[in-house]
Amino acid sequence: MNHHIQSRIDGFCQRFGLRLPILLAPMAGACPPSLSIAVANAGGLGACGALLLQPPAMHAWAQEVRSQSNGAFQMNLWVPDPAPLRDPAAEAEMADFLGQWGPRVAPGAGDAPLVDFAAQCDALLAAAPPIVSSVMGLYPPEFVARLKAAGIAWWANISTLAEARAAEAAGADAVVAQGMEAGGHRGCFVAGEAEAGMVGSLSLIPAVADALAIPVIATGGIADGRGVAAALMLGASAVQIGTGFLRSPEARLPPAWAAALALTPPEGTAVTRAFSGRAGRGIATQYLRAAAAADAPRPAPYPIQRGLTQAMREAAVNSGNLSAMQAWAGQSAMLARPEPAGELVARLWQDAQGWLG
């Protein structure tokens, strides 16, 4: 392997207590402790997407992973947006539309509140993970100061070069450069610019690596050894993988979703706001395509849309109905394999080393 690449990887792994530069992506709603335990024990980094978790659940997650692994994990929070504008007539129209795809939307469904961000920040500090990460913006300076005082590293998810520079200036210890290929929600700082600012990993990784002094972690569209090697050659110090782990048994994904990943080509995914009100990439199911039609109602802002679609999403999972399921997937979904997560980590790294020479 090239000396510069090797020293970059070694420095990163040494700093963050890893044996391998392969990290699990923090996927809210799809990151059970079992998955992180397997990845961490294989030498990588586990992850908790804590967006949906109340503080006691955050503590429980950290305690379970810590007790059954080497303790290498990150915990991730969304930085909240300003309160969205409400449009009752538009929300009612969306509720009627959603009733075609699932149960009738209950009155007040769009009022479902977010978990209190300040309480989650306190819970993050109390859980004391070695690493925390932010997405959808930067943590406030006072919270960054509390993290640094506690000796907790901060990684900032970014989707553009401008966001990366802002993260470094704000004190981030590393950036997670997320290409537009990524499944689920992308970490765009300005919600309304997500679709217009779609930068692919092949362009984003070297641009950020050249501009910043802090390490770059590459994510988005990486699901096999070739992708790992390519990201490292482009300047990344490590890679973060989401969709590539979703077919592992430890991910405990709904079977219809897991099976569909194997059949989803790169063009079989699409970016939509129809599940949460924020742009996210998922399998182009019947609901997703219908919601994109010219005569379909426009999605409500986040998190109102998430509340409106909750009954539909839950019913789809319970019945195994992929057509209305929130089946997030990146563009490399077909490369995901149904093998144990620990074995997957080892194979990814072995294959990547073969490509790197």
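Simple spin-label estimate for residue 203 and residue 92 gives 4.4 nm between the two label positions (7 Å along the Cα-to-Cβ direction from each Cα). The label-point distance for residue 295 and residue 59, in a model that sets each label 7 Å from Cα toward Cβ, rounds to 5.4 nm.
The calculated 222 nm mean residue ellipticity attributable to helices in the chain amounts to -12000 deg cm²/dmol, summing -39500 (n - 2.57) over DSSP H runs of n ≥ 4 and dividing by all residues.
What ranking, highest mean first, results for peptides 44-51, 68-75 when packing means the other Cβ atoms within 10 Å averaged over each residue?
Highest to lowest by the protection proxy: 44-51, 68-75.
Under 5 Å from the amide H of residue 269 lie the amide H atoms of 284, each residue being 5 or more positions distant or on a separate chain, with H modelled from the backbone and absent for Pro and chain starts. Cβ crowding within 10 Å, taken as a proxy for footprinting-reagent exposure, orders 195, 250, 163 from fewest neighbours to most as 195, 250, 163. When DSSP beta bridges are restricted to pairs lying wholly in the chain, around 20% turn out antiparallel.
Relative to the compact-globule estimate of 2.2 N^0.38 Å, the Cα radius of gyration of the chain comes out at 0.94.
Measure nothing fancy, just the Cα-based angle from helix 55-68's long axis to the longest principal axis of the chain, in degrees from 0 to 90, nearest 10. Between the helix axis and the principal axis of the chain, the angle is about 40 degrees. If only the Cβ of Lys and Arg carry +1 and only the Cβ of Asp and Glu carry -1, the dipole of the stretch 3-356 around its Cα centre is close to 460 debye.
Taking the highest mean first, how do the peptides 197-207, 273-283 order by number of other beta carbon atoms within 10 angstrom per residue?
On the way: 197-207: 18.6, 273-283: 23.7.
Going by the mean number of other Cβ atoms within 10 Å, highest first, we get 273-283, 197-207.
Angle of helix 3-16 to the longest C-alpha principal axis of the chain, folded into 0 to 90 degrees and rounded to 10: 70°. Apply the a/c threshold of 1.5 to the C-alpha gyration tensor of the stretch 54-152 and tell me whether it is rounded, prolate or oblate. It is prolate, given that a/c is not under 1.5 and a/b is the larger ratio.
What ranking do 15, 306 get, fewest neighbouring Cβ atoms within 10 angstrom at the top?
On the way: 15 13, 306 22.
The order, fewest Cβ neighbours first, is 15, 306.
An oblate overall shape is assigned to the stretch 261-305, the ratio a/c of its alpha-carbon gyration tensor axes (a ≥ b ≥ c) being 1.5 or greater and a/b not exceeding b/c. Modelled this way, with points 7 Å down the Cα-to-C-beta line, the labels at residue 114 and residue 150 are 1.9 nm from one another.
Ranked by how many other Cβ atoms sit within 10 Å of their own Cβ, fewest first, the residues 181, 91, 142 fall in the order 142, 91, 181.
Every number in this text was worked out from the coordinates using simple rules, so none of it is lab data. The shown structure was predicted, so the numbers you read here are calculated from the model rather than taken from an experiment. Because the Cβ atoms are built from the backbone with ideal geometry, glycine has one as well, and the counts that use them run over all protein chains shown.
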